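These notes are about the structure you will find just below.
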Amino acid sequence: MIKSLSMLGLACGLLFASHANASTCEDFTNVEMRKLRSDESLNLCQFKDKPLLIVNTASNCGFTGQFEGLEKLHQKYKDKGLVVLGFPSDDFFQEEDDEKETAKVCFINYGVTFDMFATSEVRGSDANPIFQHLNEVTSSPNWNFYKYLVSADRKTIKRFNSRTKPMSDELTGEIEKLLPR
């Protein structure tokens, strides 16, 4: 009985330590962001030590079709460690007013399975915390579907404009440089 209690205590301790470590980091990703059309929030620290591709999106833009390429990118590289994160924004007046409609475009029309977050600002003083940092380190997106490739150690951030297609050699080449070999 004592041995069982000790093992249970050890297991609980390891679980707690693992959870505490996974949800803490000391960089700009230490924020809670609400998922699109959900009450659930994610602390982006859970992606610690993984490269990130952060994209500002819109449902009614000439580049909206890039959701298809972003999903292909996600499927190709997710098992190698890349995390794709989508941030819908109406900063360029091309996002749905209703979050339900934004979710429909992402999840139903394009079959997106990577994490999408609630609509938020990505420019100016009202930008969400992730984009505040990206904007300080690089610059604000000039349009929808700007892509920010962030190294696993968070020290390097490369910015790609809307015209850079998700499956382009330019972007996939930079992603592959960041993945473990």
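The values are calculated or read from the model by the stated rules, or taken from the named source; none is laboratory data. Note that the coordinates shown come from a computational prediction; the quantities given were computed from them, not determined experimentally. Positions of Cβ are generated from backbone atoms using ideal geometry, with glycine treated the same way; all protein chains shown enter the neighbour counts. Each accessible area value is taken on the protein alone, full model and side chains, heavy atoms only, with ligands, DNA and RNA left out. Shrake-Rupley method; radii C 1.70, N 1.55, O 1.52, S 1.80 Å.
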Considering only protein heavy atoms and a 1.4 Å probe, what is the carbon-and-sulfur percentage of the accessible area of the chain? 51
When the Cα centres of region 164-181 and region 54-84 are compared, how far apart do they sit, in Å? 12
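Could you state the per residue volume, in Å³, of the convex hull enclosing the Cα atoms of the chain?
140
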Using the heavy atoms of the protein chains alone and a 1.4 angstrom probe, what is the accessible area of the chain per residue in square angstrom? 54
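For the ranges 31-40, 123-132, 139-148, what's the packing order if you count other beta-carbon atoms within 10 Å of each residue, average per peptide, and put the highest first?
139-148, 123-132, 31-40
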In whole Å, what three semi-axes, largest first, describe the equivalent ellipsoid of region 67-169 built from its Cα gyration tensor (square root of 5 times each eigenvalue)? 20, 19, 12
How about K50: which lysines have a C-alpha closer than 25 Å to its C-alpha, ignoring those fewer than 8 places off in the same chain? K35, K72, K76, K78, K80, K147, K155, K158, K165, K177
Give me the percent relative contact order of region 32-178, please, defined on Cα pairs under 8 angstrom at least 6 residues apart. 29
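Given only helices, namely DSSP H runs of n ≥ 4 each adding -39500 (n - 2.57), what is the per-residue ellipticity at 222 nm of the chain, to the nearest 500 deg cm²/dmol? Could the numbers behind the result be given before it?
Working: 5 runs with 57 residues, N = 181.
Theoretical 222 nm ellipticity from helices: -9500 deg cm²/dmol.
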Under 20 Å between alpha carbons, and skipping anything fewer than 8 positions from K48 in its own chain: which aspartates and glutamates qualify? E26, D27, E32, E40, D79, D115, D153, E174, E176
For the chain, what are the DSSP H helices with axial Cα length of 20 Å or more and mean Kyte-Doolittle hydropathy of at least -0.5? 2-22
